[in-house]
Number of protein chains: 2
Amino acid sequence: MKSNLDNITPLENLSLVDKVEMRLKEYFKVNNLKIGDSIPKELEFAEALGVSRTVIREALLRLRTIGVIESKKRKGMVLTQPDIVQNFEKAIEYNLLGEEALIDIFELRLILEMGMADLLFARKTEEDIEDLDKIVSKQEKEENDTTFFSLKHEIAFHGKLYELSNNTTLKRFQDLLLPVFNYVHDNMPEGAKDFKYSKGEFVTHRDLLNILKNGDAQSFREAMRNHLEPHFDRILHIVKS
Amino acid sequence: MKSNLDNITPLENLSLVDKVEMRLKEYFKVNNLKIGDSIPKELEFAEALGVSRTVIREALLRLRTIGVIESKKRKGMVLTQPDIVQNFEKAIEYNLLGEEALIDIFELRLILEMGMADLLFARKTEEDIEDLDKIVSKQEKEENDTTFFSLKHEIAFHGKLYELSNNTTLKRFQDLLLPVFNYVHDNMPEGAKDFKYSKGEFVTHRDLLNILKNGDAQSFREAMRNHLEPHFDRILHIVKS
DNA sequence: TTTTGTATTATGTTATACATATAAAGATAT
DNA sequence: ATATCTTTATATGTATAACATAATACAAAA
């Protein structure tokens, strides 16, 4: 007789709260509840499901934590549109992300900047261009004065690009990715600023802006690729565990 | 006497749990706790902060929900690496995302696919190419047989691309974005399949694969842009509210 | 009509007791 | 001495009951 433990499944080890949460999710689905709809009060759920109010509260608290419901005293609880970025944000606040996750996120940001060219060209407005112009001009002036490279301008320019995309989720995403970006930037090895660009010259924010004015998405992409080359160069040579 | 309510600020309206959560976060920071470290038990926190165990539990539950801590009976609680994608995932499961958020996410996916070319070329292996080849061959065969366009192949191919990136976060991200992608795809207006490509011809998966074999990142980007043109075309003409 | 007080109600908080899983120590067998 | 089986202590999980608090509705007063 051959023993095979692959065919035997462990009996589910779910807590009551886990089960209640599943039931709640099912309840929302079956009743086709939408944003703004209110749900029964805790005691009613407790009675209906035959568990204590404590368990119901814990399950509901989970939902509140991920932003699916909101509760108000006396009024009860209503379904809300979850803020998908917010949870991300909270998790990051605790500074518990490992090296690998940080690298992943850093890469993610490079990917986003490379990929959003089409959106920029489709959504840009005259005002946006003017704003960008101001940002670039200010940078040029200050850098002339101080010969000091400031992350501030970096953030202002690239942040504005995300704004141009007119994609709220994307923009908020980058807001949240900024600290990570800074972290990796700060831990940059010495001499990284003397980076040798393969094409010989560096694409500046001014260059990018000009392309945004008169060029097309494709040339913007390649210019951005050059602009980000030092970062790409560093990242692409990291061997992940 | 002129009454002016601008100079009076509302006193903060935080719940006890809110405050406790802040204290906990501070506690982690001050003690410089890292992943794997264990934290005091509920009763100790309760006593130290002078609140009931319930409140502590609710605050800790929030942390557990976003994946910052894990708890085991008798053992206590330990800090864990938060799974940043998981929270995203949970929020989406409740089908409460509004039209605008869905569009944002759909755009995000297009951006990712456009932006990851460099990563693909830096990380691709012989095996990856072989796998992709199998996927494409299978698709070609089945489509010849049935003349039936299947999302299955679409998912297999593009999913594999994400895998190539060797970026776990990115890959998991697209896993989670798939349902949204399908949703938008399913709600595609009739006739979208007869889309007229601006350059006259359609870049197939086979074409992309060949570029991945012998070409470079830049040409891959432009090929991908063509491949995704119907999606871009649709998205870029949506006027957001 | 507007303001102010009052009752009501659902969530927020406290307290206490018990259930349950499990790590750790101790006992037993090999 | 090692392995396996019991026991025990313990921190989280669940239940119950009571009270606090804030927001709402509604009545009373100005």
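The values are calculated or read from the model by the stated rules, or taken from the named source; none is laboratory data. Bear in mind the structure is a predicted one, so any value in this text is a computation, not a measurement. Backbone-built Cβ (ideal geometry, glycine too); neighbour counts: all protein chains shown. For accessibility, only protein heavy atoms count, side chains too; no ligands or nucleic acids. Shrake-Rupley method; radii C 1.70, N 1.55, O 1.52, S 1.80 Å.
Build a GNM of chain B with springs between Cα atoms under 10 Å apart, and of B:87, B:182, B:95 the one that fluctuates most is B:95. With both labels modelled 7 Å from their Cα along Cα-to-Cβ, the residue A:99 to residue A:73 distance reads 5.0 nm.
Amide hydrogen proximity for residue A:69: with H placed 1.01 Å from N in the peptide plane, the residues at 5 or more positions away or on another chain lying under 5 Å are A:64, A:80.
Below 8 Å, C-alpha to C-alpha, sequence gap of six or more: please give me the relative contact order for region A:16-82 in percent. Write down the numbers at each step before the final one.
Working: 69 pairs, mean separation 25.2, N = 67.
It comes to 38 percent, rounded to a whole number.
Note on residue A:53 and residue A:29: the extension gain reaches 6.4 nm, defined as 0.36 nm multiplied by sequence separation minus the Cα-Cα distance.
Dividing the mean sequence gap of close Cα pairs (under 8 Å, 6+ apart) by how many residues chain B holds gives a relative contact order of 17 percent. Across the copies of the chain, residue A:125 has label points (7 Å from Cα along Cα→Cβ) spaced 4.9 nm apart, shortest distance listed first.
Hey, what number do you get for chain B at 222 nm if only DSSP H runs of n ≥ 4 count, each worth -39500 (n - 2.57), divided across all residues, to the nearest 500?
-20000 deg cm²/dmol
Distance between the modelled labels on residue A:14 and residue A:142, one decimal in nanometres: 5.4 nm (7 Å Cα→Cβ projection). Here residue A:94 sits with roughly 20 square angstrom of accessible surface, probe radius 1.4 Å. Within chain B, the selection of entire DSSP H helices by a Cα span of 18 Å or greater along the long axis and an average Kyte-Doolittle value of at least -0.5 returns B:16-30, B:99-115, B:151-164, B:168-186. With loop defined by DSSP as not H, G, I, E or B, and exposure as at most 16 other Cβ atoms within 10 Å, which is the longest segment of chain B clear of exposed trypsin sites (Lys or Arg not before Pro)? After excluding every exposed loop site, the longest remaining stretch is B:76-195. Farthest toward the positive end of the dipole of region A:16-82, out of A:51, A:79, A:20, is the Cα of A:79, where the dipole comes from beta carbon charges about the Cα centre. Computed from backbone phi with θ = phi - 60° and the Karplus coefficients 6.51, -1.76 and 1.60, the 3J(HN,Hα) list for region B:71-79 is 10, 9, 4, 6, 7, x, 10, 10, 6 Hz; x is used for glycine and proline.
For residue B:234, inter-copy separations between label points set 7 Å beyond Cα along the Cβ vector come to 3.9 nm, shortest first. Summing Cβ point charges (Lys, Arg +1; Asp, Glu -1) relative to the Cα centre of chain B gives a dipole of roughly 1160 debye. Shape analysis of region B:83-186 based on the Cα gyration tensor places the equivalent ellipsoid semi-axes at 25, 19, 11 Å, largest first.
Take residue B:151, move 7 Å from Cα toward the beta carbon, and the resulting point lies 4.2 nm from the same point in each other copy, nearest first. Model label points for residue A:150 and residue A:233, set 7 angstrom from Cα along the Cα-to-Cβ axis, are 2.6 nm apart.
For residue A:18, what is the net charge nearby, where nearby means another residue's Cβ is under 15 Å from its Cβ and Lys, Arg count +1, Asp, Glu -1?
Details: positive: A:19, A:23, A:25, A:57, A:62, B:64, B:72, B:73, B:90; negative: A:12, A:21, A:26, A:58, B:70, B:93.
Summing Lys/Arg as +1 and Asp/Glu as -1 gives +3.
Between residue B:219 and residue B:134, full extension at 0.36 nm per residue minus the direct alpha carbon distance yields a gain of 28.4 nm.
Dividing the convex hull volume of the alpha carbon atoms of region B:16-82 by its residue count, what do you get in Å³ per residue?
Numbers: hull volume 5.2 nm³, N = 67.
It comes to 78 Å³ per residue, whole-number rounded.
Basic side chains Lys and Arg get +1 at the Cβ, acidic Asp and Glu get -1 at the Cβ, and with that the dipole of region B:57-138 about its Cα centre reaches some 1000 debye.
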